[in-house]
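Everything below concerns the one structure shown next.
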Amino acid sequence: QQRTLLRLKPQRSENKRRSRASNERCYASSNKKKLKVVVFSTSDYEREILEKQLNSHFHVTFLKPRLTIETVDLAHGYDAMCCFVNDDLSTDVIERLSEKCGVKMIALRCAGFDKVDVESCKKFGVLVYRVPMYDPLSIAEHAMALILALNRKLMISHSRVKSGNFTLDGLVGFSMRGKTLGVVGTGKIGRGLANICANGFGMSVLGYDLKQKREFVGQYCDDVETVLKNSDIISLHLPLNEHTKHFIAEKEIDSMKRGAMLINTSRGGLLNIKDVICGLRLGKLGSLGIDVYESEEKIFFKDFSNLTVEEKMLYWDDTMAQLSSLPQVLVTPHQAFLTHEALTEIAECTKQNILEFAEELDDAENDDASREDVSNTTRVC
Ligand code: NAD
């Protein structure tokens, strides 16, 4: 049954949103009841930054566990919930959040909302906000770090030097100057990487996007095959959705230059990882750098290093084990966003999003304006 918990005023303009930022001190010092906010998947690296932004405005509880159907009841009695990239926001969790826990708003501390069942949120009247942009250059720079480390084989030389081996065989890389970077998805991050490669390294840049952007420094191709065929390094900067799932599979790998480098800092689901491993084994793909992994929620952000072998086996991921064993592969655990600048922007935007929700809540209580279709950059639904 279709339900609307909140009746909203028409969406405010960006200007009003900005002016609300200057009024936030009033909100903090007003007599209004402070919203109760529960933060899931809190890590030590972000806690202080989040506390600084949120604690003066809301009653906040920080929890370490990831949101799952097993942990969702911890949100009971809170108005809003703050989640991270691998929290489970599937149908069952949303239903329980709304029906049993009474949560009315989800503030994502990330840009991608591929883990959110948006239709269920609409059905149960749960509002979802995200952080659409936070220092995109942080992610672009991490993609560049993966490219350079793979090209100059830094992982191998680092481990050799640590074990007392100072030889050079097997470490030959290539000069970046004059090579071609293919950017698939020329949004904020893709364009950032294109700028670094074109202006910093003298590379040629090709791009593919459904919506071409004037600011893109490279040359657009009409189809992705042309980008794949002509690039020495291919970097993916697409959102994950039903059109982009397994965007790179056997056919796409076949159309790449032999020995090309593939970089993915977007979402693991963009790759058919079995086909990618097969391409690496056959030498069709020269190297792979990934910051994201399709089933990362089972293993990323966790430490298994002190577990017994038996305990480790419970979490064992064959595909990740294969990837980690290949010398031409570099995996980082979804850390591309992890800079002080990005974390600060995430915390600030999250605070603004919850403040905006608090105002929507006030408006809903105070007037009868009808619900509008709401779409802006931070509001998902
Ligand atoms: P963006 O929205 O600015 O850019 C995405 C681009 O992809 C847009 O230009 C869009 O037109 C294009 N696009 C969408 N579907 C397409 C398709 N089917 N074919 C071709 N082009 C298509 O997003 P962004 O800020 O550049 O972020 C890109 C992705 O990076 C995000 O979706 C997110 O998943 C990921 N991300 C990862 C991290 C990390 O820490 N690893 C951090 C932030 C974002």
Pairs please, first residue from region 208-222 and of a type outside the set (D, E, K, R), second anywhere and near the ligand (Cβ under 7 Å from one of its atoms) and assigned to a loop (DSSP other than H, G, I, E, B), Cβ atoms under 6 Å, 6+ apart in sequence or on different chains. Phe216/Thr186
Please go through region 152-189 and pick out each residue that is at positive phi and either within 30 Å of the chain's Cα centre (by Cα) or exposed (fewer than 10 other Cβ atoms within 10 Å of the Cβ) (or both). Lys153, Gly164, Gly185
Of all residues making up region 114-124, the number that are more than 9 Å from the ligand (Cβ to nearest atom) and in a loop (DSSP other than H, G, I, E, B): 2
What about Arg96, is it of a type in the set (Lys, Arg), under 23 Å from Thr265 (Cα atoms) and modelled with pLDDT of 95 or more? no
Taking the conditions exactly as written (within 22 Å of Ser266 (Cβ to Cβ), within 16 Å of the ligand (Cβ to nearest atom), out of contact with any Cys (no Cβ under 9 Å at 6 or more places or on another chain) and modelled with pLDDT of 95 or more), does Leu280 satisfy them or not? no
Given (1) outside any loop (DSSP other than H, G, I, E, B); (2) of a type outside the set (Asp, Glu); (3) within 28 Å of Leu67 (Cα to Cα), index of the condition Asn306 fails: (1)
Restricted to region 167-215, and to residues that are part of a loop (DSSP other than H, G, I, E, B) and of a type in the set (Gly, Ala, Ser), which residue is nearest to the ligand (Cβ to nearest atom)? Gly187
Give just the number: which of (1) over 19 Å from Asp232 (Cβ atoms); (2) within 15 Å of the ligand (Cβ to nearest atom); (3) surrounded by 22 or more Cβ atoms within 10 Å (Cβ to Cβ) does Gly268 not satisfy? (3)
Assess whether Gln322 counts as being among the polar types (S, T, N, Q), closer than 30 Å to Gly279 by Cβ and modelled with pLDDT of 95 or more. yes
If you go through region 125-145 one residue at a time, do you hit one that is farther than 26 Å from Glu46 by Cα, more than 13 Å from the ligand (Cβ to nearest atom) and in a helix (DSSP H, G or I)? no
I'm trying to understand the selection: among the residues of region 216-258, which are part of a loop (DSSP other than H, G, I, E, B), away from the ligand (no atom under 12 Å from the Cβ) and among the polar types (S, T, N, Q)? Ser231, Ser255
For region 259-278, give me each residue that is part of a helix (DSSP H, G or I) and either in contact (Cβ under 8 Å) with a residue 60 or more places away in the chain or within 22 Å of Gly187 (Cα to Cα) (or both). Gly268, Gly269, Leu270
When residues of region 85-107 are filtered for being crowded, with 23+ Cβ neighbours inside 10 Å and more than 21 Å from Ile299 (Cβ to Cβ), how many remain? 6
When the residues of region 66-111 are narrowed to those that are assigned to a helix (DSSP H, G or I) and among the polar types (S, T, N, Q), which ends up farthest from Leu361 (Cα to Cα)? Thr91
Taking Ser138 as the residue in question, decide whether it is out of contact with any helix residue (DSSP H, G or I) (no Cβ under 8 Å at 6 or more places or on another chain) and modelled with pLDDT of 95 or more. no
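The values are calculated or read from the model by the stated rules, or taken from the named source; none is laboratory data. Just so it is clear, the model here is predicted, and its values are computed rather than measured. Note that we place each Cβ from the backbone using ideal geometry, even for glycine, and neighbour counts take in every protein chain shown.
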